[in-house]
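Take a look at the structure set out below.
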Amino acid sequence: MATANPTPALGHRTLLPQIQEGATRKLPIDLIALIAGSAAGIALFVVAGLNVLGVLYTPVQSGEAAGWDVGLDYISFGILAIIGPYGFLKSREMARIEAIETRLPDFLRDVAEAGRFGMTLPDAIITASKGRYGLLTEEIKRMASQLEWGVPVTTALQLFEERVPTPLVSRVVSIITRANDAGGNVADVLSMVARNAREDQLNFEARKITMLTYVTVIYISFFVFLFTVLILAADFLPAMISAGESVASSSVGNLGGSSAVTLQFQFVPELFLAFMVAVIAHAVGDGIMAGILHNARISDGLRHATILLAVGWVMMRYIVPPLNV
């Protein structure tokens, strides 16, 4: 396959810097969400600290005790503000990129077939862009348009890599660029790259299916933990409080003004704060672990952590009964 790119008109050459500048000017929406979420999270952390110090009292529920009880609510909201929007938007973007990568081998095979008919690499890409490749179609048509306006094929491939920044796309673009610069039969290289990319995708899908079992175990263990907290707060700990009050008021517990038997039941309500801290720690940690096991991505783990933390906070505040002395 020849490597020459048709010489563009002089007016078309002036568009190249504009195309490159436009490709790097746009700020990703997930990064915007992370910046805005971090600002909101820091503000919520400040509110939490002021509630802990007693400067403010802004309870989410009426009747909440001042201090850490209210502060942990705003700490949870702050964590959700930071990881929630970014996690969901980044996961959606990565799902879009995965859908693009799935059809990438098909596109490479079509380009290779066009090249075997004697087309140059730019012409082969433009010809293959008339096909349908799912979500990849838009990116291919954009790259073909750039080639038609006289953008060098190497630059067009690099811009495609910047729009779809994944290891697979980077590897494919690097191989194609070097093969095109070196000359020779690029069609055979494209066929080899397409076959290798398909094998990598099959291996990744097999790994995801295997790891899905461990993600399910993480979710089940977290909900078992919440159910255990519910049982303790609803039955066991109230019984300890009642027993402590009975011992404190009985004559058996007070002989000659000294306590023969004591039960520090007044510290039992503080266990609710410990449970709340444990729920926050487990939700964030287990969620990140689930994302790493399933997709090997922390961003996907932040999405799982958001779900677990939101469910855990709602259950602790609206289902698990408070421990009052």
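Read-outs throughout are calculated quantities, based only on the coordinates presented, and are distinct from any laboratory measurement. If you're wondering where the values come from, they're calculated on a predicted model, not measured in any experiment. With ideal geometry, Cβ positions are generated from the backbone for all residues, glycine too; neighbour counts draw on all protein chains shown.
Can you work out the PRE-style zone for ARG116? Point 7 Å along Cα to Cβ, and I want the residues of region 163-193 with backbone N under 13 Å. Residues 186-192 qualify, since their backbone N sits under 13 Å from the label point.
Could you give the length gained by full extension between ALA310 and ASN203, i.e. 0.36 nm per residue of separation minus their alpha carbon distance, to one decimal place?
Numbers: separation 107, 0.36 × 107 = 38.52 nm, distance 3.31 nm.
Separation in residues times 0.36 nm, less the Cα-Cα distance, equals 35.2 nm.
Note on ILE29 and MET192: with the Förster distance fixed at 35 Å, the Cβ-Cβ geometry gives a FRET efficiency of about 0.45. Starting from the Cα of GLU138, step 7 Å toward the Cβ, then list every residue of region 96-115 with an amide N under 14 Å from that point. Counting backbone N atoms under 14 Å from the label point, the list is 96-101. When region 10-196 is described by a simple charge dipole with +1 on each Lys and Arg Cβ and -1 on each Asp and Glu Cβ, the residue from ALA33, ALA65, VAL169 located farthest towards its positive end is VAL169. Counting Cα-Cα pairs of region 10-196 in 10 Å increments starting at 0 gives whole-percent bin shares of 9, 27, 23, 14, 11, 10, 6, 1. The charge dipole of region 10-196, taken about the Cα centre with unit charges on the Cβ atoms of Lys, Arg (+1) and Asp, Glu (-1), comes to about 520 debye, rounded to the nearest 20.
If r is the Cβ-Cβ distance from ASP181 to ILE292 and R0 is 25 Å, what FRET efficiency results, to the nearest 0.05?
For R0 = 25 Å, the calculated efficiency reads 0.10.
Nothing charged except the Cβ atoms of Lys and Arg (+1) and of Asp and Glu (-1): what's the magnitude of the dipole of region 70-157 about its Cα centre? Round to the nearest 20 debye.
On the way: 10 positive and 11 negative charges, 25 e Å.
My answer is approximately 120 debye.
Among SER221, SER191, SER62, SER174, rank each residue by its count of other Cβ atoms within 10 Å, from fewest to most, as a rough exposure measure. Spell out each step's value before the answer.
On the way: SER221 11, SER191 19, SER62 5, SER174 14.
Lowest to highest Cβ neighbour count: SER62, SER221, SER174, SER191.
Residues of region 269-295 with amide nitrogen under 19 Å from the 7 Å Cα-to-Cβ point of ASP235? In region 269-295, the label zone of ASP235 (backbone N under 19 Å from the point 7 Å along Cα→Cβ) covers 272. Residue exposure proxy: ILE209, ILE280, ILE140, ILE175, ordered by other Cβ atoms within 10 angstrom of their Cβ from fewest to most, comes out as ILE209, ILE175, ILE280, ILE140.
Can you sort PHE223, PHE117 from fewest to most other Cβ atoms within 10 Å of each residue's own Cβ? Intermediate results must be reported in sequence, preceding the final value.
Details: PHE223 14, PHE117 11.
So the ranking, lowest neighbour count to highest, is PHE117, PHE223.
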